[in-house]
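Right, one structure below, let's go through it.
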Amino acid sequence: MAKPRLHESLYIFLIIAVIVISVSSPPSLASQPSKFRRAPRFFGKFSHQTTSQQVRPLKQQQQQYRYDTRYFDQQLDHFSFADLPKFSQRYLINKENWAGPARLGPIFLYCGNEGDIEWFAVNTGFMWEIAPRFGAMLVFPEHRYYGESMPYGSREVAYKNATTLAYLTAEQALADFAVLITDLKRNLSAEACPVVLFGGSYGGMLAAWMRLKYSHIAIGALASSAPILQFEDIVPPETFYNIVSSDFKRESTSCFNIIKESWSELISEGEKENGLLELTKTFHLCRDLKRTEDLANWLESAYSYLAMVDYPNPSEFLMPLPGHPIKEVCKRIDSSPEGTSTPKRIFEGVSVYYNYTGKVDCFQLDDDPHGMDGWNWQACTEMVMPMSSNRYASMFPTYDYNYSSYKEECWNDFKVIPRPQWITTEFGGHDINTVLKHFGSNIIFSNGLLDPWSGYSVLQNISETIIALVTDEGAHHLDLRPSTDEDPDWLKEQRAAEIKLIEGWINNYNNDKKATFNM
């Protein structure tokens, strides 16, 4: 597996999230499309999960989950024999519950996303909770060019230009995982131990793709909230924003309408004399607003993330949030006193995302002014995931996906031309039902329909071993998050179904191994 601008830094899937870029065509106020330029990059959110807002919960979770931190010398380019410098790939490992090679103890490998691997490890409680049941070793390899896994020795050199960034691809990352786990198994005399892949958001995409590309290494994959179909014209590009909008509309039609109408009011306010200064005060910004577009991107980012993490329980995955946060946002927007201006209503609502704890005095709109994070590069090369906003179904400003503008921006930023057809050439995507039915096996695609990325994933069973687990109330890879006493029954049932399927994969593998040995 990004924030709503190319120049603002997945986190993924993903993650995650995401993640992802599109650029608007020139707007026309007469027809009410937005003046704001659009470039959603939600997966890249995870690139910056080391902010001060996240330090406290991360440390708390690190105390809960114990692991050893190790480093592995990786090839910079797995697909050539050039004499290139290797780099140190960080990975986390826990063997406390491992049954060992004699008992074919399984290895659960999380496919690292676009960010610091520690963040994903401590937010993937499902793996930690089921490891004792399976006698499993846990391995969390970090994705190259993120966290501490920097080629060329530093982020500054690795991100210098298109030449040094050239090895930041999904294919190279999957090869890293394959080489690492193969070497680890060899060193532990665990060549026969089965490997099961896990991943959420962009990491979920990698898990599914790795199962397809390296089926001799991993026996199955749980791909949670994995939008593997968001390429070319496989799924309508307006799907993401339509689902976000639907999430708000189901809570409150008036909330939906106020947000939908707010964009033009923000434009009008910003065009007034001292209008930008008034907006700066209304939204408690740390610096004077220079463009209404920057405020719009900040708001759009919050709404999109709220849909992703519209979990039934309180969480601190992206920000400290209450359970059902969209319900709380709409409650604040709708309950503002009569006569409250639209900008003030919007500020009250968005404060649920940016300041639910009430500890923030003012807000920074741009946490990465240079935009040179790894996900921008990925999105400008192979991860071309079109997005647009529909005039009727969406509460966001209207804009169309414009590949020409997209390509121009990527050239200006990196001097590269995107390859929008490469991912489907490398991993597939078109006619997914036929392809996976005949060539795939042992993949779980899990999705919650509140998650806007679910619209780009696999939502129906394809075969007896390519399974879609879909929940109406679930959000972004909720099934991978730590369980709580307040988890609803449907979430418990989803996880139980995943455990049963994984048990089946491992049992079938072990039975085949025994049959081979007996022969």
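Taking one quarter of the surface of the C-alpha convex hull of the stretch 412-470 gives a mean projected area of 5.5 nm².
Give me the 1.4 Å probe accessible area per residue for the chain, excluding ligands and nucleic acids, in Å². All intermediate terms of the calculation are to be shown ahead of the outcome.
Numbers: 20610 Å² over 519 residues.
That works out to 40 Å² per residue.
Along each principal axis, taking the top coordinate minus the bottom one, the Cα set of the stretch 162-232 gives 42, 31, 16 Å in descending order. Structure note, pairs 249/500; 249/492; 327/407; 290/415: Cα-Cα distances above 30 angstrom occur for 249/500; 327/407.
Distant-in-sequence amide contacts of residue 221, defined by a placed amide H-H separation under 5 Å and a gap of 5 or more residues or a different chain, comprise 197, 443, 444. Distances between placed amide hydrogens fall under 5 Å for residue 468 paired with 445, 461, 462, all partners being 5 or more residues away or on another chain. Think of the stretch 394-519 as having a plus end and a minus end, set by charges on the Cβ of Lys, Arg, Asp and Glu; of 496, 469, 440, 440 sits farthest toward the positive end of this dipole.
State, to one decimal in nm², a quarter of the convex hull surface area for the C-alpha atoms of the chain, i.e. the direction-averaged projected area. Please report the intermediate quantities before stating the final value.
Numbers: hull surface 95.5 nm².
If I average the Cα hull's projected area over directions, I get 23.9 nm².
Based on alpha-carbon centroids, what's the gap between the stretch 440-507 and the stretch 202-255 in Å, whole number please? Using only Cα atoms to place each centre, the spacing works out to 12 Å. DSSP beta bridges fully contained in the stretch 374-519 are about 10 percent antiparallel. Separation of the stretch 354-427 and the stretch 73-127, taken as the distance between their Cα centroids, equals 28 angstrom. With distances taken between every two different alpha-carbon atoms, the stretch 268-371 has a Kirkwood hydrodynamic radius of 14.4 Å. Count charges around residue 112 for me, please; just the other residues with Cβ under 14 Å from its Cβ, Lys/Arg as +1, Asp/Glu as -1. Local charge sum for residue 112: -3.
Considering helices alone, the calculated mean residue ellipticity of the chain at 222 nm is -12500 deg cm²/dmol, with DSSP H runs of length four and up weighted by -39500 (n - 2.57) and normalised per residue.
The stretch 473-519 gives an Rg/Rh value of 1.24, both radii derived from C-alpha positions and Rh following Kirkwood.
A simple rule links phi to the HN-Hα coupling: the Karplus curve 6.51 cos²θ - 1.76 cosθ + 1.60 with θ = phi - 60°, which for the stretch 276-288 gives 5, 5, 5, 5, 4, 5, 4, 9, 6, 7, 6, 10, 4 Hz, with x for Gly and Pro. Sparse packing (at most 11 other Cβ atoms within 10 Å of the Cβ) combined with a DSSP loop state is found for the following chymotrypsin sites (Phe, Trp or Tyr not before Pro) in the stretch 351-458: 392. The GluC sites (Glu not before Pro) found in the stretch 314-391 that occupy coil by DSSP, while having at most 11 further C-beta atoms within 10 Å, are 338. Using a probe radius of 1.4 angstrom, the carbon and sulfur fraction of the accessible surface of the chain is 49%. Per-residue Karplus couplings for the stretch 178-194, computed as 6.51 cos²θ - 1.76 cosθ + 1.60 with θ equal to phi - 60°, are listed in order as 5, 5, 4, 5, 5, 5, 4, 5, 5, 5, 9, 6, 10, 4, 8, 6, x Hz, Gly and Pro entered as x. Converting phi to 3J(HN,Hα) with the Karplus coefficients 6.51, -1.76 and 1.60 and the offset θ = phi - 60°, the stretch 226-237 yields 9, x, 6, 9, 8, 9, 6, 10, 5, 10, x, x Hz in sequence order, with x at every glycine or proline. Solvent-free Debye calculation, one equal scatterer per alpha-carbon of the stretch 297-445: log10 I(q)/I(0) at 0.19 Å⁻¹ equals -1.23.
Where in the stretch 136-171 are there trypsin sites (Lys or Arg not before Pro) that are in a DSSP coil and have at most 16 other Cβ atoms within 10 angstrom of their Cβ?
Numbers: sites: 144, 155, 160; in loops: 144, 160.
Sites meeting the loop and neighbour criteria: 160.
The values are calculated or read from the model by the stated rules, or taken from the named source; none is laboratory data. From a predicted model like this one, the values you see are computed outputs, not experimental measurements. Note: ideal-geometry Cβ built from the backbone for every residue, glycine included; neighbour counts use all protein chains shown. Accessible surface areas use protein heavy atoms only, side chains included; no ligands, DNA or RNA. Shrake-Rupley method; radii C 1.70, N 1.55, O 1.52, S 1.80 Å.
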